[in-house]
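Shown next, in structure tokens, is the structure this report addresses.
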Amino acid sequence: MRIIIVDDDKLVCDSLKIILGAQPGIEVVGLGSSGDDAVRLFREIAPDVALLDIQMPGRDGLSAAREILAEDPAARVVFLTTFSDDEYIVAALKLGARGYLIKTDVRAIPPALTQVMEGKRVLEGKPADSVDFSVGVEEAESHERTGAFVALTDREFEVVRLIAEGLDNKEIAATAYMGEGTVRNHISSILAKLGLRNRTQIAIAYLKA
């Protein structure tokens, strides 16, 4: 498979090029450091997979993926993330990205890319085909509070629904008429009650319900 890697950290790019390029069946055909680079490389090279960092100075990976997927809905875009990127990941997946991989878990990247080439969606290196992140607002609002979600308050469940819609904390605060600090507190409570690690897992649990 032919892949491009776009990350504003040159060390990450160079390291991944060496590690992935040494894998049988993987060829790194382009490197970039910005969202603009990602769009340009995708147009020029038409890689099998685009590995994009989410947060980059200037144009970020989310914006680049939006343009790439608008031009080619079948594009295989996979995000490289850190756990601090949780606020962006659900929105990225709703765009049509094929998944996300943790930058520091290098060993999980090659097999995950193979799964992507097989048409699967990968989250932290694990397949997640049963999750439909394209669910619309009306469908999300129709979800009933069942299973573990019954332990949540009305406001907490509202935050869960908005997370599943791909809203970040600022957007949730504006939509639900609460402060961003309150949103963060609700998310912390939700994670504790549901035994989850991050907001992406909250969205997955909600969309699987």
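General remarks:
- Selection within region 73-90: residues that are without any contact (Cβ under 8 Å) to a residue 40 or more places away in the chain and surrounded by 15 or more Cβ atoms within 10 Å (Cβ to Cβ). The member of this set that is farthest from A38 (Cα to Cα) is D85.
- Where helices (runs of 4 or more DSSP H) fall wholly inside region 162-209, the ranges with 3 or more residues that are in contact (Cβ under 8 Å) with a residue 24 or more places away in the chain, in contact with a helix residue (DSSP H, G or I) (Cβ under 8 Å, 6 or more places away or on another chain) and of a type in the set (A, V, I, L, M, F, W, C) are 180-194, 199-208.
- Qualifying residue in region 61-68 (condition: under 20 Å from T104 (Cβ atoms) and modelled with pLDDT under 95): yes
- Region 141-191, residues that are surrounded by fewer than 17 Cβ atoms within 10 Å (Cβ to Cβ), in contact with a Lys or Arg (Cβ under 9 Å, 6 or more places away or on another chain) and under 22 Å from Q55 (Cα atoms): E180
- Scanning region 2-17 for residues that are surrounded by 18 or more Cβ atoms within 10 Å (Cβ to Cβ) and either outside the structural domain of V28 (by TED's automatic domain parsing) or assigned to a strand (DSSP E or B) (or both) yields I3, I4, I5, V6.
- Matching option when the condition is charged (D, E, K, R) and modelled with pLDDT under 85, among E180, E141, E171, E156: E141
- Within region 15-59, the residues that satisfy the criterion of being closer than 15 Å to I109 by Cα and of a type in the set (D, E) are E27, D48, D53.
- Pairs with Cβ under 7 Å, 6+ apart, first in region 108-119 and within 16 Å of L80 (Cβ to Cβ), second in a helix (DSSP H, G or I): I109/L20; P110/L20
- Residue that is farthest from I68 (Cα to Cα), among those in region 18-57 that are β-branched (V, I, T) and either under 19 Å from the mean Cα position of the chain (by Cα) or not assigned by TED's automatic domain parsing to the domain that holds F79 (or both): I54
The values are calculated or read from the model by the stated rules, or taken from the named source; none is laboratory data. Just so it is clear, the structure is predicted and the values come from calculations on it, not from any experiment. Don't worry about glycine lacking a Cβ; one is built from the backbone with ideal geometry, like all the others, and counts go over all protein chains shown.
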